[in-house]
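Engineer: One structure is given below, represented as structure tokens, and several questions about it will come after.
The values are calculated or read from the model by the stated rules, or taken from the named source; none is laboratory data. All values reported here derive from a predicted model rather than from experimental measurement. Please note: Cβ atoms are built from the backbone with ideal geometry, for glycine as well, and neighbour counts cover all protein chains shown.
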Amino acid sequence: MISLKDERISYMDYKQIDERSAVIRTLKENDIKIKPKGYSMYPLFVPGRDYAVITHIEPDKLKKGDVVLYRRHDNTGILVLHRICRIDKNGFYMVGDNQSVIEGPLEKECIHGKLIAVERNGRTFSVNNIIYRFISYVWLLLRPVRMPVAKSAVAVKRCIKKMVKRNGKEQ
């Protein structure tokens, strides 16, 4: 497994950084398995539990809805795994599954790989799975309203837990 921990940079020569990057060099020849950190791609990835299997791909073959590994060209320069929400003549626009703010446009040179599978609890599923594709499509469509929907779902889940707990005490 490759770690993204050492991929943080503090200067702006991204082409040189990518040439020296162990992750990017490995990805050009082999698929890689990484453990995403943070909650930007929740619920697709749960930090500490799930792995992402990434393959090298030519950016011209990418489409809306694909999850890609790209180098953020800001003062952090970190590698990020987010979903493409739009492609136009200016570049690629990305958004995390647990975010509503769109990042972009990004140049195709920023993109280094595409998610091809998710490993969860020892089981692997392909992103070509029809159920995964459908859920991803709907989730992307819901981007403008998904934060209120997610918060409502959490509130309903809490209420159900309280009711179950209360009913358990009454018996």
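Engineer: In segment 144-171, what residues are within 30 Å of SER100 (Cα to Cα) and either at pLDDT below 80 or polar (S, T, N, Q) (or both)?
Structural biologist: ARG146, MET147, VAL149, ALA150, SER152
Engineer: Give the residue, chosen from TYR132, TYR93, that is under 19 Å from TYR42 (Cα atoms) and at pLDDT 90 or above.
Structural biologist: Numbers: TYR132 fails: at pLDDT 90 or above.
Answer to the check: TYR93.
Engineer: So in segment 42-51, with the set limited to residues that are in contact with an Asp or Glu (Cβ under 8 Å, 6 or more places away or on another chain) and either modelled with pLDDT of 90 or more or loosely packed, with under 14 Cβ neighbours inside 10 Å (or both), which one is nearest to LYS114 (Cα to Cα)?
Structural biologist: So, considering only residues that are in contact with an Asp or Glu (Cβ under 8 Å, 6 or more places away or on another chain) and either modelled with pLDDT of 90 or more or loosely packed, with under 14 Cβ neighbours inside 10 Å (or both), the one nearest to LYS114 (Cα to Cα) is TYR51.
Engineer: On to the next question. Restricting to segment 94-109, and then to whatever is surrounded by 18 or more Cβ atoms within 10 Å (Cβ to Cβ) and over 13 Å from the mean Cα position of the chain (by Cα), can you tell me which residue is farthest from ARG146 (Cα to Cα)?
Structural biologist: LEU106
Engineer: Tell me which residues, restricted to segment 79-104, are within 22 Å of SER21 (Cβ to Cβ) and among the β-branched types (Val, Ile, Thr).
Structural biologist: VAL80, ILE84
Engineer: Within segment 115-171, which residues are assigned to a strand (DSSP E or B), of a type in the set (Lys, Arg) and in contact (Cβ under 8 Å) with a residue 24 or more places away in the chain?
Structural biologist: The one that is assigned to a strand (DSSP E or B), of a type in the set (Lys, Arg) and in contact (Cβ under 8 Å) with a residue 24 or more places away in the chain: ARG120.
Engineer: Out of everything in segment 52-75 that is β-branched (Val, Ile, Thr) and either over 10 Å from LEU115 (Cβ atoms) or without any contact (Cβ under 8 Å) to a residue 60 or more places away in the chain (or both), what residue ends up being surrounded by the most Cβ atoms within 10 Å (Cβ to Cβ)?
Structural biologist: Ranking the candidates gives VAL68 first.
Engineer: Let me ask something else about it. Among what's in segment 33-51 and is of a type in the set (D, E, K, R) and either in contact with a strand residue (DSSP E or B) (Cβ under 8 Å, 6 or more places away or on another chain) or in contact (Cβ under 8 Å) with a residue 60 or more places away in the chain (or both), pick the residue that is nearest to TYR132 (Cα to Cα).
Structural biologist: Filtering segment 33-51 for residues that are of a type in the set (D, E, K, R) and either in contact with a strand residue (DSSP E or B) (Cβ under 8 Å, 6 or more places away or on another chain) or in contact (Cβ under 8 Å) with a residue 60 or more places away in the chain (or both), the one nearest to TYR132 (Cα to Cα) comes out as ASP50.
Engineer: Would you point out the residue of segment 49-88, among those that are acidic (Asp, Glu) and part of a strand (DSSP E or B), that is nearest to LEU142 (Cα to Cα)?
Structural biologist: Keep residues of segment 49-88 that are acidic (Asp, Glu), which gives 50, 58, 60, 66, 74, 88.
Add one more test, that the residue is part of a strand (DSSP E or B), and what stays is 50, 88.
Details: ASP50: 23, ASP88: 20 Å.
Filtering first and then ranking leaves ASP88.
Engineer: Another question, if that's okay. Which condition does ILE130 not pass, out of (1) farther than 24 Å from VAL53 by Cα; (2) exposed (fewer than 10 other Cβ atoms within 10 Å of the Cβ); (3) not polar (S, T, N, Q), if it passes all the others?
Structural biologist: Failing condition for ILE130: (1).
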